[in-house]
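Reading through the structure tokens given below for one structure.
The values are calculated or read from the model by the stated rules, or taken from the named source; none is laboratory data. Bear in mind the structure is a predicted one, so any value in this text is a computation, not a measurement. SASA here: full protein model, heavy atoms, side chains in, ligands and nucleic acids out. Shrake-Rupley method; radii C 1.70, N 1.55, O 1.52, S 1.80 Å.
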Amino acid sequence: MSIIHEVAKMTAKGQITLPKSIRQALGVDIGAKVAFELHENGQVVVSRAGAEHEDPAIGAFLDLLAGDIQAGRHVQAIPDDLAQGMLDHAERKAGPDEDIDGDVDL
């Protein structure tokens with residue numbers, strides 16, 4: 001079942017305009033690249049190019065999760081202390097001019 005269903009008309013040159021609701025959902029604007037993936041069943045998946053794998057570690061993790069979901073394996077809940085630690089780190093504001101706490105190995 002789809003979240004958004006839109007129809008676009010193809011021009012004589014094979015061009016289509018992505019409907020506004022799709023552009024907004026993908027977070028794309030002028031100059032952004034869009035990827036098309038054709039599956040064996042004829043389904044086409046449209047995504048923002050590079051969106052899933054901007055960070056190789058995150059991309060690999062998402063691929064691992066997708067494989068578990070397809071195989072019917074359920075993701076277990078993480079321990080509360082680990083979840084809290086992740087939330088604490090996610091709320092930190094960091095930038096290139098911020099001081100680094102602790103030792104850093106280069």
- Task: Might you check whether a residue that is modelled with pLDDT of 85 or more, hydroxyl-bearing (S, T, Y) and not in a helix (DSSP H, G or I) occurs anywhere in region 8-22?
- Result: yes
- Could you grab me the full set of residues in region 38-94 that are part of a loop (DSSP other than H, G, I, E, B), at pLDDT 80 or above, hydrophobic (A, V, I, L, M, F, W, C) and open to solvent by less than 70 Å² (accessible area, probe 1.4 Å)? A49, A71
- Task: Pull up region 3-18, narrow it to residues that are closer than 17 Å to F36 by Cα and among the small types (G, A, S), then point me to the one that is farthest from the chain's Cα centre (by Cα).
- Result: G14
